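What follows is a short report on a single structure.
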Amino acid sequence: MTIVLTKPRPIRLKGRSFLALSLAPELPFEDWLAGLDDLAARSAGFFLRRPVVLDISGLDIKKAELRTLVDELSQRNVRVMGLEGARHSLLGPDMPPAMNDGRPASDFDAATEDESAEAGESVEAQAAPAMETIAVAGPSVQVTGSLVVTEPVRSGQSIFFPEGDVTIIGSVASGAEVVAGGSIHVYGTLRGRALAGTTGNGSARIFCRKLEAEMMAIDGFYLTAEDMEPDLRGRAVQVWLEGHALKTGILG
């Protein structure tokens with residue numbers, strides 16, 4: 001019998017970043033969950049298929065309380081993919097993994113044992129240059145210092161641009177979504193959801209030529225359609241954050 005030995009191919013590990021929602025629960029959890037239920041009821045499908053990171057920084061809680069919270073969120077179809085700011089005592093195999101602020105990373109190949117021995121040294125993954133991450137489901141775009149979308153955003157489509165402002169040359173349909181790290185400008189009708197300042201930019205604003213939005217948010221503070229003043233519907237509007245509340249004003 002002849003045994004043929006083949007050299008194993010190295011395993012390629014790919015670095016990739018994804019956009020996730022960050023939820024920061026507050027005590028008591030019962031009240032916070034009630035507010036979450038209210039948001040979900042007024043913006044159907046908001047958490048559907050969205051990865052979520054739970055930011056529990058500064059919360060004085062026990063592991064059993066955190067386990068109950070994760071279970072409660074799971075029952076609401078909120079997928080907790082990781083925990084940010086968690087003490088080591090709160091972590092375990094039955095809990096989501098600890099996570100920190102994401103950073104771009106390059107692809108690299110994990111060397112085999114033979115290759116490592118021949119090299120006589122460890123291999124480090126080198127950080128990739130800063131990359132502009134854009135996730136667009138459909139419309140054509142032009143990227144400069146901001147993101148310009150030159151077609152309407154149709155129902156079911158999402159525009160994600162955490163690096164800066166987003167300008168839509170057209171309308172945003174019901175069931176569509178625009179998420180920006182900076183401000184959002186819609187030169188048409190805004191019927192879907194607009195989330196500005198998602199990277200902690202409280203000075204971001206939302207502008208639209210005609211307001212019919214399902215929901216608008218800046219830096220985590222939001223307004224649903226039911227919260228908006230009736231006389232704003234169908235008008236050219238700007239939205240900004242003042243303190244812990246969103247303010248609205250008619251343009252022109």
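The values are calculated or read from the model by the stated rules, or taken from the named source; none is laboratory data. A quick note: this is a predicted structure, and the numbers were derived from the prediction, not measured. Every residue, glycine among them, receives a Cβ derived from its backbone with ideal geometry; neighbour counts consider all protein chains shown. For the accessible areas, the whole protein counts, side chains as well, though only heavy atoms, and no ligand, DNA or RNA atoms are used. Shrake-Rupley method; radii C 1.70, N 1.55, O 1.52, S 1.80 Å.
Just a few scattered comments:
- Leading residue by the ranking (farthest from LEU21 (Cα to Cα)) among those in region 64-98 that are open to solvent by 70 Å² or more (accessible area, probe 1.4 Å) and in contact (Cβ under 8 Å) with a residue 24 or more places away in the chain: SER89
- Scanning region 153-161 turns up at least one residue that is closer than 21 Å to LEU223 by Cβ, modelled with pLDDT of 90 or more and not small (Gly, Ala, Ser).
- Residue in region 197-209 that is within 21 Å of ASP38 (Cβ to Cβ) and open to solvent by 40 Å² or more (accessible area, probe 1.4 Å) present: yes
- Residues of region 168-181 satisfying the condition of being touching a Lys or Arg at 6+ places or on another chain (Cβ under 9 Å) and not in a strand (DSSP E or B): SER171, ALA173, SER174, GLY175, ALA176
- Across region 145-161, the number of residues qualifying as assigned to a loop (DSSP other than H, G, I, E, B) and either of a type in the set (Gly, Ala, Ser) or without any contact (Cβ under 8 Å) to a residue 12 or more places away in the chain (or both) comes to 4.
- Strands (runs of 3 or more DSSP E) enclosed by region 194-246 - at least 2 residues per element that are of a type outside the set (Ser, Thr, Tyr) and more than 20 Å from ARG154 (Cα to Cα): 221-224, 237-242
- Of all residues in region 181-196, those that are under 15 Å from the mean Cα position of the chain (by Cα) and either among the charged types (D, E, K, R) or modelled with pLDDT under 90 (or both) total 2.
- In region 145-182, the residues that are open to solvent by less than 20 Å² (accessible area, probe 1.4 Å) and small (Gly, Ala, Ser): GLY164, GLY170, ALA176, ALA180, GLY181, GLY182
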